[in-house]
Amino acid sequence: MKLSFYTLTRAWIGAIALTLAACSSAPPAPNWQVDAKGAMDRAVAAYLEGNTRVEQAERTQARQQIARTGRADLIAQAELLHCAARVASLVWEPCTGFETLRPDATPSQRAYADYLRGQVAASDIPLLPELQRTAALRAPNDGSALPSAAEPLSILVASGVLLQTGKASPAVIEQAVNVASSQGWRRPLLAWLGVQVQRAKQAGQTTEAERLLRRVDLVQGTASR
């Protein structure tokens, strides 16, 4: 599946004035938009595939292109995309790049940043994209999976927030594994398989834990031949 910076940011962060794709009836997009879109697409793809070096280089390139506009809200949007990919991979760390821009970010962006930390205020939940609103309002005892028609990365982000807040059911975890596997996203797949391994061990399910560990070995390329 080809990643789209426009699609991902629209689904995760909402309708913010960064249109990175030109329509046939509109003038050609400025060079900075085209370059930023390509760099962000490559950055997200590289991170999910486990290539940190390429991700960092492309992220820097994208930020440099967007900075040419002098608009902090657009840079903040790129930083949120960067942090959302980490939440999807169960890397829960401060979104430092966004926090430095928080005073100039939009209300929707600030709500989304708080959501990624699992700390969104109830009054800000309506500002979130649809799937993330669903996750934020989810009851702790809800054992169902998330809507399967949603964007794959949006599902992983919502699943990551649910796990962070203690509301991820086995169905959500299994769904996250399947989504990451179907997309070939190595980094989040290993993270979510690790969750399943841990839970299987805690439940005394030795055979299941061993099966999952064999799958981890396959992803890591360390399986016996």
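Counting only C-alpha contacts under 8 Å and six or more residues apart, can you give the relative contact order of segment 78-223 as a whole percent? RCO, segment 78-223: 21 percent. Of the residues Pro27, Ala62, Gly184, the one whose Cα sits farthest towards the positive end of the charge dipole of the chain is Gly184 (charges of +1 on Lys and Arg Cβ, -1 on Asp and Glu Cβ, taken about the Cα centre). Between Thr206, Thr165, Thr134, the Gaussian network model of the chain with springs among Cα atoms under 10 angstrom shows the greatest mean-square fluctuation at Thr206.
Our helix-only sum for the chain, with -39,500 (n - 2.57) per DSSP H run of n ≥ 4 divided by its residues, gives a mean residue ellipticity at 222 nm of -20000 deg cm²/dmol.
Calculate how large, on average over all directions, the projected area of the Cα convex hull of segment 103-221 is; give the answer in nm² to one decimal. Could you put the intermediate results ahead of the total?
On the way: hull surface 33.2 nm².
Averaging across all directions leaves 8.3 nm² for the Cα convex hull.
Which listed residue (Val197, Thr134, Ser144) has the Cα farthest towards the positive end of the charge dipole for segment 5-220, taking +1 on Lys and Arg C-beta and -1 on Asp and Glu C-beta about the Cα centre? Farthest along the dipole direction, towards plus: Val197.
Both radii were evaluated on the Cα set of the chain; the Rg over Rh quotient, with Rh as the Kirkwood radius, amounts to 0.99. With all projection directions averaged, the alpha carbon convex hull of segment 106-149 covers 3.3 nm².
Using the Cα centre as the reference, give the magnitude of the dipole from point charges on the C-beta atoms of the chain (Lys, Arg: +1; Asp, Glu: -1; all else neutral), rounded to the nearest 20 debye.
360 debye
Entry note, segment 60-106: relative contact order of 44 percent, from Cα contacts under 8 Å with a spacing of 6+ residues.
The numbers here are math on the coordinates, done by the rules we state, and not lab data. Note that this is a predicted model, so its numbers are computed, not measured. Using ideal geometry, Cβ is built from the backbone for each residue, glycine included, and neighbour counts are taken over all protein chains shown.
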